[in-house]
Amino acid sequence: MIPGVARQRLRPLVYATALGTSGYAAYFLYTSRKLEKTGTTFEIPVKMRGSDGKATTVKKPISYLTPSEIEKKLTENATSTSVPRPSDGITWKYDTAFLASNEVIEDANSQLFIKKEDKALSRSPAGDLLFFAVMDGHAGYFTSRLLAKTLIPAVALELATLSPEAVAASRPSGFSPSSIWSYLKSFVTTSNSASATMDIKYPYDSDPKYVSTAIQTAFANLDSNIINTPIRLLDELSKSKQALDPKSQEFQLAVTSLLPALSGSCALLTMIDTAHKDLYVACTGDSRAVAGYWDESADGTGKWRVEVLTEDQTGRNIKELERIRSEHPPEESSHVIQRGRILGGLEPSRAFGDANYKWSRDFQQRVAQLLDGSGKAVRRIPQDLKTPPYVTSRPEITHRKLEFLRSAASTNVGNGDKSTLRFVVLATDGLWDQLSSSEVVSLVGEYLNRANSGVSGPAVVPKADLALTVSESHDASGFDGKSAQVAQEREKAKHKGSWAFVDNNISTHLIRNAFGGANGEELRQLISIPAPFSRRFRDDVTVTVVWYEDGVTEQKVIDTKAKL
């Protein structure tokens, strides 16, 4: 049951068209009838170069995947997790799913649940730290995969400097202290490692200012290691001619260290501190987090409300434009941002890695010489690179109090009205290319409404109808950093067609509706297009949805595909 609201108050839309038969076969029977008449292939425009070197657009036939193959792609990387917390009287739940567009997905994700059970062992109140992160890689997957392994532990280590007794609790389960954890502690630099033995009398871990600074420090230190480790290794290599042998261990180590620096990744991290009833969201790049609130009136009626917890950090964001211009000489102000991109190339203005926007031109030329003939690709040096770095990993932090934990079920907003935070959605920009923040909140909100009311079986809901269930204030809408073309395409499709409610996993539910929803033909075409052609039509997408329910249920992790 969704906490804080009587079961009868959150009903699914009564005008949702429930399908007579249950399961996925019925859904495809309903939406795919037109496909029987279209044959086994469809065509997409593809640019190809002729013998004269000129690019021309040709039509390429693409074979349809079968409905079962579509379902496998949508659900094979979906998981659902429930974690009961008797001390809070709730069960935390989170669903994660991802869908690749690249041949090898460049997105990544990670989660970590740190339980602090014994209040007597800590100066801080008993509670948990819940971490969720999604990473959107570009120019390869090396940076995002490294972040999936190190970003949350790096933040946990930095937070441990605020509360020395939390050092032991911050060790993730499954990490070997003698191997992975020891390596991580040597790789990740904390701002004050000596503080682990200090007698901290003030609970710094309860102060949002200190916590936010610790998260920003962890991000910065981790990226510093990614960017500067290759510099140190290449300096060592330059001292020994023997080490320059491509077959030497030293050379291979240097090349390996270069890969996370040469590629890049955005990162979005959410931390829930139940002890202090705090929510933190740290954003580096153009991934996005949104919160869904249930605003209930005194008469028991209500609507979902959207709060965008991040701002898309791209060159189209005026704040980012002004920040970057202020960090470089005035003579560069006209070209640090070109066509909404950093030096005309990179779209996100904040990212890990992306060394070609952070290293000097001289060092990048050294790297190119080192890798010449190795088969490793080197990204082009931006033409207008003069005073790097142009890109930073420093995240913007959003902090919110979580009033629903223990002390209250909701926040009174006056006149008997109540507003309750119910869920948070984290997703890479592949989702936001297709769906607006309001659409995402309405889709998750209605999904939870249906589950809360015990409604089962597939259903189709008109987009125009579902839009009426959510409100979005201008102040809480955030900055949408998408291009004008993407925004126009989203606006055109805003109220056309219907949404599909057929999935057991909320994140899969969002991905399905991002790429067609109840329009089976559109969904089947978009998912059928193989890499690399699919990148013209959809990006990699990763989604994590976090919510809670009243009461304590059995702890479990479900591989959603096993339920189909």
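What follows draws every value from the coordinates through simple rules; no lab data is involved. Worth saying up front: this structure is predicted, and the values here are computed from it rather than measured. Note: ideal-geometry Cβ built from the backbone for every residue, glycine included; neighbour counts use all protein chains shown.
The residues packed around Trp547, meaning those with a beta-carbon under 10 Å from its beta-carbon, carry a net charge of 0 if Lys and Arg are +1 and Asp and Glu are -1. Under 13 Å of direct C-alpha separation, and excluding same-chain neighbours fewer than eight residues apart, Lys277 reaches these aspartates and glutamates: Asp88, Asp128, Asp205, Asp207, Glu403. Annotation: amide H-H contacts under 5 Å for Ala351 (H modelled 1.01 Å from N, sequence separation of 5 or more, or interchain): Thr392, Ser393. Computed from backbone phi with θ = phi - 60° and the Karplus coefficients 6.51, -1.76 and 1.60, the 3J(HN,Hα) list for segment 271-286 is 10, 10, 10, 6, 5, 10, 6, 10, 10, 10, 10, 10, 10, 10, x, 10 Hz; x is used for glycine and proline.
Protection proxy ranking of 79-90, 251-262, by the mean of other Cβ atoms within 10 Å over each peptide's residues and highest first, is 251-262, 79-90.
Quick check on my link table: of Lys401/Lys496; Lys93/Lys401; Lys59/Lys463; Lys60/Lys463; Lys209/Lys418, which ones sit more than 25 Å apart, alpha carbon to alpha carbon?
Lys401/Lys496; Lys59/Lys463; Lys60/Lys463; Lys209/Lys418
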